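These notes are about the structure you will find just below.
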Amino acid sequence: MIAIKPKPDFHVDCPKCSSTQSKADAWFFQGMHFLAEVACLNCGFEFYQTLPIGHDLLFPMQISKDGKQSFIPSRAKGWLAEPLIQSLIQKDAKVFKIEKQVNREFDKVVIVNCLDSCFGHIFSKVWNTYTLIENKPDWGIIAIIPERCKWLLPEDIAEVWSVSIGLKQCDQTIGGLDEFVKDQLSRFEKISFSRTYTHLDHTKYIDMGKVLKIPRFNLGNFLTTAPQITFVLREDRFWLNSHLMDFLYKASRKFKVEKLIFPLLLWRQRQLVNQTGKMIFDSVPNAKLSCTGLGTSGKFLDLMDDHRVDHILSETEIRWNAIYSKSHLVIGVHGSHMLIPSALAAGFVNIVPRYKIEHLVEDTVLPYTNRMLQFLGRFLDEFSSPKLVSKHISSMVKDFDYVNRNLEQEPEGKYY
């Protein structure tokens, strides 16, 4: 935790002259980022310093007050730093409604900033509220979170400061947030900011049933219920299995003409999903197919239950979670919000675009610690064919009993 009040426990060296004589004399609560406003007492350089919270813990950044100079890790440049820099130099920040929900009052609090433009990041940031409630029972835990995602929070959290904002807008400066947070800070005698880790070991520290408010798939039912296979789809994440279409997609994004080619890409993805579904039925005749996701264009197989929507609400996600928790397997493209589906289903097939390989572990969650982790968690290349995907699905369903029975065996001589 980072102590803020009564005495700040935070120090930064000047990025220009390396002087240790820098003074953080104010805070700026931008949204995703909490910033210290710093002045170097040696060279006079005035800059923003990100506090080590969330991804800023791994990628610390210093940005001049005018936004013209920045000192940032190269790996953070595009996705993390550039949106922050743009948000700091924009003139008029859009104001969003902020609501405060007080469940329990405390004199000392830990503030967990769960704001993020990526749902998967919000999901893993929320985990910190659960560990802090367990580890710091005499402190009040406060979460700042998009209103749509507050259903993920613990029921016994002290306070929720929810922002009525779309996730894609979370990387900009949130108008009114800085004033709101500063006003609230005056209520408490002791304040710390959570470091809000984004990759806690969920197998050690997190009870997903508590977070998602529903138990995950019971492996004891894998063989006693008809195999349910759920496709998790989005209309901005594509499985194309075509180098030509992949080139067209990337070119359309580069030249900002995605809308012209999207109908073709959506048709191609539906074609692949339908082919895969038919092959699954051929191999596993009693399978039940369904799909969830953002975007409702086109039709899938008549035998596939379609639960897609055009707008995601918290009620939508809760309804989808009930489907995932009954799914033997979920199939989706990396980046299609596979974290929750893979946290609730028995297993997954994750189709990975090659540019996502370095982020391979960030999009799925399974609790297994034995060979079931590899058996029920499959990563396939983006150019995998429907035949290959369906073969993996068929094997996971048909060979589960053999793998499970081997894993249940105990060493000889243990009890006699």
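The values are calculated or read from the model by the stated rules, or taken from the named source; none is laboratory data. Since the model is a prediction, treat every value here as computed from it, not as a measurement. Here Cβ is always computed from backbone atoms with ideal geometry, including for glycine, and neighbour counts include all displayed protein chains.
Mind checking which residues of segment 95-117 are more than 24 Å from the chain's Cα centre (by Cα) and outside any strand (DSSP E or B)?
103, 104, 105, 106, 107, listed by residue number.
Name every residue in segment 188-210 that is out of contact with any Pro (no Cβ under 8 Å at 6 or more places or on another chain) and closer than 18 Å to residue 116 by Cα, in order of residue number. It would help to see each step written out before you state the result.
First pass over segment 188-210, keeping only residues out of contact with any Pro (no Cβ under 8 Å at 6 or more places or on another chain): 188, 191-194, 196-201, 204-207.
Scanning segment 188-210 gives 193, 194, 196, 197, 198, 199, 200.
Going by what's in this entry, would residue 287 be described as surrounded by 18 or more Cβ atoms within 10 Å (Cβ to Cβ), touching a Ser or Thr at 6+ places or on another chain (Cβ under 8 Å) and not polar (S, T, N, Q)?
Details: surrounded by 18 or more Cβ atoms within 10 Å (Cβ to Cβ): yes; touching a Ser or Thr at 6+ places or on another chain (Cβ under 8 Å): no; not polar (S, T, N, Q): yes.
Spelling it out, it is not the case that residue 287 is surrounded by 18 or more Cβ atoms within 10 Å (Cβ to Cβ), touching a Ser or Thr at 6+ places or on another chain (Cβ under 8 Å) and not polar (S, T, N, Q).
Pull out all pairs, ordered by first then second residue, where Cβ-Cβ is under 7 Å, the residues are six or more apart or on different chains, the first lies in segment 268-292 and is within 28 Å of residue 248 (Cβ to Cβ), and the second is polar (S, T, N, Q) and surrounded by fewer than 17 Cβ atoms within 10 Å (Cβ to Cβ).
Short answer, once both residue conditions are applied: 268/242.
Which one of these is exposed (fewer than 12 other Cβ atoms within 10 Å of the Cβ), assigned by TED's automatic domain parsing to the domain that holds residue 278 and at pLDDT below 95: 416, 355?
Numbers: 416 fails: assigned by TED's automatic domain parsing to the domain that holds residue 278.
Only one candidate qualifies: 355.
Residue-wise test of (1) at pLDDT below 95; (2) touching a helix residue (DSSP H, G or I) at 6+ places or on another chain (Cβ under 7 Å); (3) among the charged types (D, E, K, R).
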{"site": "107", "(1), (2), (3)": "yes, no, yes"}
{"site": "114", "(1), (2), (3)": "no, yes, no"}
{"site": "117", "(1), (2), (3)": "yes, yes, no"}
{"site": "121", "(1), (2), (3)": "yes, no, no"}
{"site": "128", "(1), (2), (3)": "no, no, no"}
{"site": "134", "(1), (2), (3)": "yes, no, yes"}
{"site": "140", "(1), (2), (3)": "no, no, no"}
{"site": "144", "(1), (2), (3)": "no, no, no"}
{"site": "151", "(1), (2), (3)": "yes, yes, no"}
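Any idea which residue in segment 117-132 is surrounded by the fewest Cβ atoms within 10 Å (Cβ to Cβ), counting only those that are out of contact with any Phe, Trp or Tyr (no Cβ under 9 Å at 6 or more places or on another chain) and closer than 18 Å to residue 209 by Cβ?
It comes out as 123.
Could you count how many residues in segment 166-194 are of a type outside the set (Asp, Glu) and under 22 Å from residue 82 (Cα atoms)?
Initially, segment 166-194 is screened for residues of a type outside the set (Asp, Glu), giving 166-170, 172-177, 180-182, 184-188, 190-194.
Next, from what is left, pick out any that are under 22 Å from residue 82 (Cα atoms): 166-170, 172-177.
The total comes to 11.
Scanning for something assigned by TED's automatic domain parsing to the domain that holds residue 181, touching a residue at least 40 places away in the same chain (Cβ under 8 Å) and more than 21 Å from residue 207 (Cα to Cα), does segment 124-132 turn up at least one residue?
Checked against the condition, which is being assigned by TED's automatic domain parsing to the domain that holds residue 181, touching a residue at least 40 places away in the same chain (Cβ under 8 Å) and more than 21 Å from residue 207 (Cα to Cα), segment 124-132 yields no hits at all.
If we only count strands (runs of 3 or more DSSP E) wholly inside segment 8-79, which ones have 1 or more residues that are in the same structural domain as residue 112 (by TED's automatic domain parsing) and under 26 Å from residue 128 (Cα atoms)? It would help to see each step written out before you state the result.
Working: elements: 22-29, 34-40, 46-50, 62-64.
Result: empty, no element qualifies.
Of everything in segment 179-225 that's among the β-branched types (Val, Ile, Thr) and under 30 Å from residue 56 (Cβ atoms), which residue is surrounded by the most Cβ atoms within 10 Å (Cβ to Cβ)? Quick ask: steps written out before the conclusion?
At the first step, the residues of segment 179-225 found to be among the β-branched types (Val, Ile, Thr) are 181, 191, 196, 198, 203, 206, 211, 214, 224-225.
Now drop any that are not under 30 Å from residue 56 (Cβ atoms), which leaves 181, 191, 196, 198, 203, 206, 211.
Numbers: 181: 19, 191: 22, 196: 32, 198: 21, 203: 13, 206: 20, 211: 20.
Checked segment 179-225; the qualifying residue surrounded by the most Cβ atoms within 10 Å (Cβ to Cβ) is 196.
Looking at (1) loosely packed, with under 13 Cβ neighbours inside 10 Å; (2) under 24 Å from residue 287 (Cα atoms); (3) of a type in the set (S, T, N, Q), find the lone condition where residue 369 falls short.
That leaves (2) as the condition not met.
Go through 71, 96 for me and flag whichever is surrounded by fewer than 18 Cβ atoms within 10 Å (Cβ to Cβ), among the aromatic types (Phe, Trp, Tyr) and within 20 Å of residue 28 (Cα to Cα). Give the steps one after another, and end with the answer.
On the way: 96 fails: surrounded by fewer than 18 Cβ atoms within 10 Å (Cβ to Cβ).
None of the other options fit; the residue is 71.
With respect to the numbered conditions (1) surrounded by 14 or more Cβ atoms within 10 Å (Cβ to Cβ); (2) closer than 24 Å to residue 310 by Cα; (3) among the aliphatic types (A, V, I, L, M), which one is the sole condition not fulfilled by residue 257?
Single failed check for residue 257: (1).
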